[in-house]
Amino acid sequence: MAEQVQYKHLMPKRGSSYRQLYVAGRIRAEVIYRETVGLEPLTPEQVASEYTIPVEAVHEAIDYCVRNKDLLDAERAAEAASIIARGLDKWPYAPKDYKPDA
């Protein structure tokens with residue numbers, strides 16, 4: 001059974017189609033987390049400054065995303081499938097040279 005974690009700054013967003021939690025009910029946790037990884041990651045302090053949120057909220061978002069990778073992967077896959085199903089992966093909605101990941 002997965003451990004339940006109580007977060008001070010993360011909460012669901014009413015009316016959202018995403019199941020993941022939001023920082024202060026306005027920014028998806030994954031958006032914050034993605035700022036801290038990749039080729040040019042920002043420090044939690046830099047992310048907090050960019051989004052005008054407490055550093056503690058950035059740390060909570062990181063923890064949440066690491067613990068809920070399967071949920072985030074599933075939401076990204078569902079969003080990608082929706083984009084393809086609606087034809088939004090083709091011009092004029094996407095660049096003419098766009099090639100989706102295979």
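Close Cβ contacts (under 6 Å, 6 or more residues apart or on different chains) running from residues in the range 57-84 that are under 27 Å from GLU45 (Cβ atoms) to residues that are open to solvent by less than 40 Å² (accessible area, probe 1.4 Å) and of a type in the set (Asp, Glu) comprise CYS65/GLU30; LEU72/GLU30. Beta carbons closer than 7 Å, at least 6 apart along the sequence or on distinct chains, pair a first residue in the range 21-40 that is on the phi < 0 side of the Ramachandran plot with a second that is open to solvent by less than 20 Å² (accessible area, probe 1.4 Å) and among the aromatic types (Phe, Trp, Tyr) for LEU21/TYR64; ARG28/TYR22; ALA29/TYR22; ALA29/TYR64. Does TYR18 meet the test of being within 13 Å of the chain's Cα centre (by Cα), assigned to a loop (DSSP other than H, G, I, E, B), of a type outside the set (A, V, I, L, M, F, W, C) and under 25 Å from PRO100 (Cβ atoms)? Considered against the rule, which asks whether it is within 13 Å of the chain's Cα centre (by Cα), assigned to a loop (DSSP other than H, G, I, E, B), of a type outside the set (A, V, I, L, M, F, W, C) and under 25 Å from PRO100 (Cβ atoms), TYR18 comes out as yes. Taken over the range 1-53, the residue count meeting the criterion of being surrounded by fewer than 14 Cβ atoms within 10 Å (Cβ to Cβ) and basic (Lys, Arg) is 4.
The sole residue among LEU39, LEU72 that is under 23 Å from LYS99 (Cα atoms) and in contact with a helix residue (DSSP H, G or I) (Cβ under 7 Å, 6 or more places away or on another chain) is LEU72.
The values are calculated or read from the model by the stated rules, or taken from the named source; none is laboratory data. Quick caveat, the model's predicted, so the values are computed rather than measured. We place every Cβ from the backbone using ideal geometry, glycine too, and count neighbours over all the protein chains shown. Calculation scope for accessible area: heavy atoms of the full protein, side chains included, ligands and nucleic acids excluded. Shrake-Rupley method; radii C 1.70, N 1.55, O 1.52, S 1.80 Å.
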